[in-house]
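Participant: Okay, handing you the structure first.
The values are calculated or read from the model by the stated rules, or taken from the named source; none is laboratory data. Values in this document were obtained by computation on a predicted structure and should not be read as measured data. Heads up, the Cβs are rebuilt from the backbone with ideal geometry, glycines too, and the neighbour counts pull from every protein chain shown.
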Amino acid sequence: MKLTSFLSLLVAGSLALGSCGNKGARTATNPGKESSTTGIEYNTDEGMKVSDFEKIPTGPGLVFIEGGRTVLGSLEEDVTGNHDNIERTVTIASFFMDEAEVANIHWLEYLHYLRKDSSEEKYRAALPDTTVWARDLSFNDPYVTYYLRYPGFRYFPVVGVNWLQANSYCAWRTAKVNENLAKTGGDDKPRKNKKGKGKKDAPAAAEGGASTAGALDDGKGGPSIEKGNTVPNYRLPTEAEWEFAAQALVGTQEVGNENQEQKRIYPWDGRSTRNAYGKNQGQFLANFKRGRGDYAGIAGSLNDGAMITEYVYAYPPNDYGLYNMAGNVNEWVQDVYRPLSFQDVEDLNPFRRNGVGDEASKYDTKGNQSLINDHVRVYKGGSWRDVAYYLSPGTRRFMAEDSATATIGFRCAMINAGTNK
């Protein structure tokens, strides 16, 4: 046999053996029957409990946001002179985000379960401040009574909710989704045990506290991180996640080209706030204030079609499938506000948390020279009452975490668990 033929057979055999070895490789969904390091069999009296696992259930209402490298920061001239979001390159891990803002019907559902399952005190603490619509020199009085409760406003974004209330909603939503998963096994049919009886409901988390997603495996069949039968916590997105999702630059990326050759001022292409294409050409792409006194245009030819807030699925979604990432309502994010966050925080999943660097004591709040402390939070996105400047993802403002307005709502986010992407 010729040497070349022998070498070819040897290489082919090696590849075949290698492929056979890879075929049986341990994975998250196929960990094997015994430990690959100790040889001890799983799921025995001595061995560790290793649950069957396919994948983490997808949380209701969420859209997958593929992460990556991007340039965060203001792309337009800083007309406010704050200079608090200078451009810098960062990397954001993939995550999930609500496709639309949390709507009135979702908040009414929250209030329903609080009244049913919790104390009157917690129910009252969760009520939005509907008086945010009241203005001394405007007749917005009907919205005070009707905006939250009237059926016609069901899918308009909830407002009058402060940052603390939004966080409590996220904790409740996590517990409620996991409770429902425990009942149904991820579908609409109750799971059965061997005797045909429905399994006992998983305990819900206390309102405002840790969810069942954080529970350790108690060996009794309940939800736990180790079993993979719960969704991770719903939460407010970080400022960096929100800005990255609003940019939606995945829609401008050329296949095989790592250079980001196009940027966006808004969550859509071009420098205009109007649709440049198709049958909707010339129509506005967001709900915002066009100019002084102009909230919606003239009768018979309304520009954005909304004097106040708008349906949460109005206007075209961005390239991630997210609605109203510009206009309609501003949205709370997790971060504490600091003007120098852009240079202080890390470049992988940047986030400004409480009590870390740039101490609040440096800001003269007692002398009324500053509004910055550890209880002011960032909000993003522009609203029905803002001019187009604030529609750019890089703009940022802040407000006390226990304050609410008729122009700020929120949406939830969730980590992409079990992956390094």
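Participant: Quick check on segment 256-291: of everything there that is part of a loop (DSSP other than H, G, I, E, B) and of a type in the set (Phe, Trp, Tyr), which residue is nearest to Ser392 (Cα to Cα)?
Facilitator: Tyr266
Participant: Hey, another quick one. Which pairs have Cβ atoms under 9 Å, sit 6 or more apart or on different chains, and link a residue in segment 260-283 that is aliphatic (A, V, I, L, M) to one that is surrounded by fewer than 12 Cβ atoms within 10 Å (Cβ to Cβ) and assigned to a loop (DSSP other than H, G, I, E, B)?
Facilitator: Ile265/Arg271; Ala276/Gly282
Participant: Restricting the first residue to segment 100-128 and requiring it to be in contact (Cβ under 8 Å) with a residue 60 or more places away in the chain, which pairs with a second residue that is assigned to a loop (DSSP other than H, G, I, E, B) and loosely packed, with under 15 Cβ neighbours inside 10 Å meet a Cβ separation below 6 Å and a spacing of at least six or different chains?
Facilitator: Pairs found: Ala100/Tyr313.
Participant: Here's something else I'd like to know. Applying the selection to segment 245-255, what residues are farther than 15 Å from Thr91 by Cα, part of a loop (DSSP other than H, G, I, E, B) and touching an Asp or Glu at 6+ places or on another chain (Cβ under 8 Å)?
Facilitator: Matches in segment 245-255: Glu254 only.
Participant: While we're looking at this one, here's another question. Just give me the residues in segment 292-337 being among the small types (Gly, Ala, Ser), farther than 28 Å from Arg235 by Cβ and assigned to a loop (DSSP other than H, G, I, E, B), in sequence order.
Facilitator: Across segment 292-337, the qualifying residues are Gly293, Ala296, Ala299, Gly300, Gly305, Ala306.
Participant: A further question on this structure: So how many residues does segment 43-71 have that are within 18 Å of Met97 (Cα to Cα), in a loop (DSSP other than H, G, I, E, B) and among the β-branched types (Val, Ile, Thr)?
Facilitator: Count: 2.
Participant: Quick check on this structure: which one of Arg124, Arg173 is part of a helix (DSSP H, G or I), within 26 Å of Val231 (Cβ to Cβ) and basic (Lys, Arg)?
Facilitator: It is Arg173.
Participant: Another question, if that's okay. Test Glu77 against the stated conditions and say whether it is free of Cβ contacts under 8 Å to residues at least 12 places away in the same chain, surrounded by fewer than 19 Cβ atoms within 10 Å (Cβ to Cβ) and not aromatic (Phe, Trp, Tyr).
Facilitator: So Glu77 fits the description; yes.
Table: residues versus (1) among the hydroxyl-bearing types (Ser, Thr, Tyr); (2) farther than 19 Å from Leu322 by Cα; (3) at pLDDT 90 or above.
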| residue | (1), (2), (3) |
| --- | --- |
| Ala248 | no, no, yes |
| Gly256 | no, yes, no |
| Gly282 | no, yes, no |
| Phe288 | no, no, yes |
| Gly300 | no, yes, no |
| Asp304 | no, no, no |
| Ile308 | no, yes, yes |
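Participant: Continuing with this model, one more query. What are the pairs, 6+ residues apart or on separate chains, where a residue within segment 396-421 that is β-branched (Val, Ile, Thr) has its Cβ under 6 Å from a residue that is part of a strand (DSSP E or B)?
Facilitator: From segment 396-421, the pairs are Thr407/Asn330; Ile408/Asn330; Ile408/Tyr379; Ile415/Phe95.
Participant: Listed residues Gln247, Gln253; which is in contact with a Ser or Thr (Cβ under 8 Å, 6 or more places away or on another chain), of a type outside the set (Gly, Ala, Ser) and closer than 30 Å to Ser341 by Cα?
Facilitator: On the way: Gln253 fails: in contact with a Ser or Thr (Cβ under 8 Å, 6 or more places away or on another chain).
Just a single option satisfies the conditions, and that option is Gln247.
Participant: Also: Go through segment 360-395 and give me each residue that's under 24 Å from Ala240 (Cβ atoms), surrounded by fewer than 18 Cβ atoms within 10 Å (Cβ to Cβ) and touching a residue at least 60 places away in the same chain (Cβ under 8 Å).
Facilitator: Tyr389
Participant: Would you call Glu179 under 14 Å from Asn233 (Cα atoms), at pLDDT 50 or above, surrounded by 14 or more Cβ atoms within 10 Å (Cβ to Cβ) and out of contact with any strand residue (DSSP E or B) (no Cβ under 7 Å at 6 or more places or on another chain)?
Facilitator: Criteria met by Glu179.
Participant: Identify all residues within segment 129-143 that are buried (at least 17 other Cβ atoms within 10 Å of the Cβ) and free of Cβ contacts under 8 Å to residues at least 60 places away in the same chain; write none if there are none.
Facilitator: Thr130
Participant: Take the residues of segment 396-421 that are surrounded by fewer than 24 Cβ atoms within 10 Å (Cβ to Cβ) and among the β-branched types (Val, Ile, Thr): which is nearest to the chain's Cα centre (by Cα)?
Facilitator: Among those residues, the one meeting the criterion is Ile415.
Participant: Could you tell me which of the residues Val161, Val79, Val144 is touching a helix residue (DSSP H, G or I) at 6+ places or on another chain (Cβ under 8 Å), under 22 Å from Gly409 (Cα atoms) and either at pLDDT below 95 or assigned to a loop (DSSP other than H, G, I, E, B) (or both)?
Facilitator: Val161
Participant: Within segment 82-98, count every residue that is within 21 Å of the chain's Cα centre (by Cα), more than 18 Å from Tyr266 (Cβ to Cβ) and in a loop (DSSP other than H, G, I, E, B).
Facilitator: Looking only at that region, the number is 2.
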